[in-house]
Amino acid sequence: MNIQNLIETKVKEGFLALYEIEIPTVEFQATRKEFEGDITVVVFPLLRYKKGNPTQIAEDLGNYIIKNVKEINRFNVVKGFLNLVIDDAFYSNFFNAIYQQNNYGFVSSKPEEKSIMVEYSSPNTNKPLHLGHIRNNLLGYSVAEILKASGKKVYKTQIINDRGIHICKSMLAWQKFGNGETPASTGLKGDKLVGNYYVKFDQEYKKEINQLIARGKTEEEAKKEAPILLEAQQMLRNWENGNSEVTQLWEKMNGWVYDGFNITYKNLGVDFDKLYYESDTYLLGKDVVAQGLEKGVFYRKEDGSVWCDLTDEGLDEKIVLRSDGTAVYMTQDIGTAIQRVKDFSDVGGMVYTVGNEQDYHFQVLFLILKKLGFDWAKQLYHLSYGMVDLPSGKMKSREGTVVDADDLMIEMAETAKSISEELGKLDGYTEEEKSELYKTIGLGALKYYILKVDPKKRILFDPKSSVDFQGNTGPFIQYTYARIQSIIRKADFDFSNPVSIDLHEKEKEIIKILETFPEVVQQAAANYSPAIIANYTYDLVKEFNSFYQNVSILGEENKDKKIFRVQISKKVGDTIKLAFSLLGIEVPERM
RNA sequence: GGCUCCAUAGUUCAACUGAAUAGAACAUCAGAUUUCGGCUCUGAGGGUUGCAGGUUUGAGUCCUGCUGGAGUCACCA
């Protein structure tokens, strides 16, 4: 039982003993540093149950607690705040108890609990991944890891948007202008090569539009009638009819893109347990629509299209099947969700990592699935995140203002290199080891920069400040980790057994932060927020650096104190590593 | 226009879901190392939390209105 729970039951007990009143909850906060104490009971909310002077009530409760809780022997009252001083012995005992724990803060999954499927990435196969995908990937991966650490079983998945008119556009442009180019013949990554032809299509399309306008068409007409667009539309029909020439081209070019994506995913350090392809799922959902019609969840209009009326829930009417009987995006998503539960029978919920421009879509999707009566529909979560803006404004792929994912990772590693060459302690590292390290640091900077902000908020990505390595940054935390490892390497004595010492004030502060880690993991999971983990790690590291600067570790003369300080350093290092693993960030032994 | 989300130091972000004098980092200024890794640490200045009301013992947080910004309202995905 942790100390807060213990105090909570004692406060309740005390309230009953003093006033014969039962209270449901007790509100706590960490004691502000200008007052003496470690944990604070906020008395104001209790006034609802017992009218009176908050200071007096706090005094009474404080006296009750020091008599009945052996870990607490002093208290003070400031207005309605009861500041409790927890005995040092509690903290050193607590530290000794967690020191040997390997995955302190993580909870292993229970076999009887349902799994969660986390979807993220889900790119189109007509262009390379960019900065927006990076945020998506980092968030999805991290939330999946956090859910695992909080005790859930997790499947990571993505649905690859491998069909549709946009795919045909790059195929067509390659067919017309590609001269048989391949990734092998050009040395280009497959996704980059295909992306070039997507751009090429757009250029040709614009050219044709202008020609048509010059011949007297309106802009609107020109956009609809441009021959290259008509050709692409025909190609899509051919694909849907299974035309073998188109299918072969599609398989070949998508293969190039997958090879390219796999390299990017590997460099980014993300992975998936199961892949879904839109070409397999785009026809799903139609039979469910039929069932929904029978149940009265949907209704058919005169022209044959099928709709769901959500006006009672404050939303609109939403189409789920076109008048020609073909599926729309919503149909597909309904079908895919159901398919996933069929494929993985233990799935009890899903997380969709998709940008906030689709907030409405997911609101509707979840509502429809609930109406259809699936029990897992209550456990669906749209991990909605804000856009990534550049100082120059919005990223637009057609205008070439996107930040390419591969390029960005390379740039970050190069910045890391130039800083490390100046300041690093890398004697004895091979060139290969160094290059790996630069990647670790560069990625650490990038990932931390993106994950430390609340997913819901938009991010302004300034390439200049994202490569900052000081203050609240990934490399700052990695540096602290490397420094701790340096201490451990130099500690040539046995520090594996617990010792008993009087705590230094800074040591106590670190232990207090370590104590909250399990709760922070749970909180991050409950909020689907890697930012909570990032901010926690930074607080821990800042406190450790202050300790490091203020006390001598290996230079300490008292043997037990020296041992304890190495132990606390080690535990901080272990916790940094664990916390960063939840963000998908690696930590270096040296840097 | 309807609906949804956002607005906090010069800048980038926090604030445990309603509690003490709104906290960090960057930048600025002033300090610290015969010391375990100075990519560090200590300190200072910097705020009417977009504006105006309201609820509450207590509001950055909840409610209403307004201003500014974004998204969305396709038989697109």
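Taken together, the values in this text are just the output of simple stated rules run on the coordinates, not laboratory data. No experiment lies behind these values; they were computed from the predicted model shown. Don't worry about glycine lacking a Cβ; one is built from the backbone with ideal geometry, like all the others, and counts go over all protein chains shown.
Annotations for the structure displayed:
- Candidates per trypsin sites (Lys or Arg not before Pro) in the stretch A:141-231, loop by DSSP, up to 12 other Cβ within 10 Å: A:215
- Mean residue ellipticity (222 nm) of chain A, computed from DSSP H runs ≥ 4 via -39,500 (n - 2.57), nearest 500: -17500 deg cm²/dmol
- Percentage, to the nearest whole number, of Cα pairs in the stretch A:332-483 over 27 Å apart: 46
- At most 13 other Cβ within 10 Å, DSSP loop - chymotrypsin sites (Phe, Trp or Tyr not before Pro), the stretch A:493-540: A:493
- Projected-area mean, the stretch A:3-86, by convex hull of Cα positions, square nanometres: 4.6
- All-pairs Cα distance distribution in chain A, expressed in whole percent, bin size 20 Å: 16, 41, 30, 11, 1
- Antiparallel %, DSSP beta bridges [both residues in chain A], to 5: 50
- Approximate shape of the stretch A:495-591 as ellipsoid semi-axes (Cα gyration tensor, √5λ), whole Å, largest first: 27, 14, 12
- Sparse packing (at most 15 other Cβ atoms within 10 Å of the Cβ) combined with a DSSP loop state is found for none of the chymotrypsin sites (Phe, Trp or Tyr not before Pro) in the stretch A:92-138.
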